[in-house]
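Take a look at the structure below.
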Amino acid sequence: MSIKKFATLSLAKSGGIATVTLYRPEHLNTFTPEMMRDLIEVFDVTDADDEVAAVIVTGAGRAFCAGADLSGSKGSTFDHTGERPLQIKVKGIRRDGGGRVSLRIYDSLKPVIAAVNGAAVGVGATMLLPMDIRIASTSAKFGFVFARRGIVSEACSSYFLPRIVGISSALDWTYSGRVFGAEEALERGLVRSTHTPETLMDAARTIARSFVEQSAPISVALIRQMMWRGLEARHPMTAHIAESHAMQSRGASQDAQEGIAAFLEKRPAEYTNKISGELPNIWPGRLVPEFDW
C-alpha cells in the first residue's frame, strides 16, 4: 500500500482501489479552500494512475463533511465580493468552490464510491452527488441546509440532485433545509444501501472490487462518460453516436480480444490497455457548449 497525504485529506491505494479520506476530524471535516484544492488535485492523481481502477471517498472521525468551515467568519464565509485564497473570478463573479469540486468529480475517469460515515451537510452533501455510488452508515445524517443559512444550493446540486432523487424530494430537502437520516436517504434513492458503522468501509470495498476485478478499465471509463454525459442529451441519437464511436474503438482493441478469449476459456481476463495513453475520444462534438468559466 502506498499513501500520499494532502493538507486536508489522505490518499491510500491498495488492490486497485484508492481511498480518499477527508481529514480534518477535529473540525468535522468542514470544507475549506484548501480542501477544495486538495480534492481537485487528488482526482488528478487518481485519474493519472493506471493502478487505480476505482475511488472510495469517506471521512475521518465522526463526520463525512459537516459543510463549509464557518469558524471565525463572522457571517462572511459566503461573501464572494472580497478577495479570498484560491478563488477564481470570471467576469466579476467568484466561481463556487463546491462546484469546482463537483465538476472535477464528474470528469473522473474512474468510478467514485461515497462511503458516508457521518454527517454530510451543505457542501458535504452536494459533493456526493456526482459520485457514482453512495452508501451510508446507519448513523449518517444529510442536510441541504442552504436556505437556512440565507444562501442557495451549490456544487452543481441544482443539476444533480433532481436527477438522482426526483424534483419533489430535491425541493423538499432544499426548501426546508432540514437534516434527515440514512433511512430517509435510502428510501428516496440518495444512497444505495446503509450499513453499520463497523461494516461501512468493507461494503464500499466490496463494491469497488466488483468494478476492479473483471472489468476493463477503459470500458468502465467510457461507460462512465456515456452515462453521465447522456443526462445532458436531448435525443437518444447522441447516445447512439457516442456508443458507435466507442464500439468501433473498443471492438478492435486488445481488451476486447482478451475479454472474449477469457469468456470462451472460462478464465479471468487480464486487460492490458491503459487509460493514461489509450482512452479514445468518442465525442465528435461537444454536448455542452464552450464556456469561458
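The values are calculated or read from the model by the stated rules, or taken from the named source; none is laboratory data. This structure is a prediction, so every number in the text was calculated from the model and none was measured. Cβ coordinates were reconstructed from backbone atoms using ideal geometry, including for glycine residues, and neighbour counts include every protein chain displayed. Surface areas here come from the heavy atoms of the whole protein model, side chains and all, with no ligands, DNA or RNA. Shrake-Rupley method; radii C 1.70, N 1.55, O 1.52, S 1.80 Å.
Is it the case that some residue within region 135-142 is out of contact with any Phe, Trp or Tyr (no Cβ under 7 Å at 6 or more places or on another chain) and either free of Cβ contacts under 8 Å to residues at least 40 places away in the same chain or over 15 Å from V116 (Cβ atoms) (or both)?
No: region 135-142 contains no residue that is out of contact with any Phe, Trp or Tyr (no Cβ under 7 Å at 6 or more places or on another chain) and either free of Cβ contacts under 8 Å to residues at least 40 places away in the same chain or over 15 Å from V116 (Cβ atoms) (or both).
Might you let me know whether region 218-226 holds any residue that is touching a helix residue (DSSP H, G or I) at 6+ places or on another chain (Cβ under 7 Å), farther than 30 Å from K141 by Cα, part of a loop (DSSP other than H, G, I, E, B) and not hydrophobic (A, V, I, L, M, F, W, C)?
Going residue by residue through region 218-226, those that are touching a helix residue (DSSP H, G or I) at 6+ places or on another chain (Cβ under 7 Å) are 218-222, 226.
Adding the requirement that they be farther than 30 Å from K141 by Cα leaves 218-222, 226.
Still in the running and part of a loop (DSSP other than H, G, I, E, B): none.
Looking through region 218-226, none of the residues is touching a helix residue (DSSP H, G or I) at 6+ places or on another chain (Cβ under 7 Å), farther than 30 Å from K141 by Cα, part of a loop (DSSP other than H, G, I, E, B) and not hydrophobic (A, V, I, L, M, F, W, C).
Among (1) at pLDDT 95 or above; (2) crowded, with 23+ Cβ neighbours inside 10 Å; (3) farther than 23 Å from S210 by Cβ; (4) of a type outside the set (V, I, T), which single condition is S139 missing?
Going through (1) at pLDDT 95 or above; (2) crowded, with 23+ Cβ neighbours inside 10 Å; (3) farther than 23 Å from S210 by Cβ; (4) of a type outside the set (V, I, T) one by one, S139 breaks only (2).
Taking the condition of being in a helix (DSSP H, G or I) and open to solvent by 80 Å² or more (accessible area, probe 1.4 Å), how many residues in region 246-275 meet it?
Within region 246-275, residues that are in a helix (DSSP H, G or I) and open to solvent by 80 Å² or more (accessible area, probe 1.4 Å) number 8.
Out of D79, D96, D132, report the one residue that is acidic (D, E) and at pLDDT 95 or above.
Working: D79 fails: at pLDDT 95 or above; D96 fails: at pLDDT 95 or above.
The conditions single out D132.
Report the residue count in region 193-208 for those that are outside any loop (DSSP other than H, G, I, E, B) and of a type in the set (V, I, T).
Number satisfying all stated conditions: 3.
Could you list, in sequence order, the residues of region 1-43 that are part of a loop (DSSP other than H, G, I, E, B), open to solvent by 30 Å² or more (accessible area, probe 1.4 Å) and small (G, A, S)?
Scanning region 1-43 gives A7, G15.
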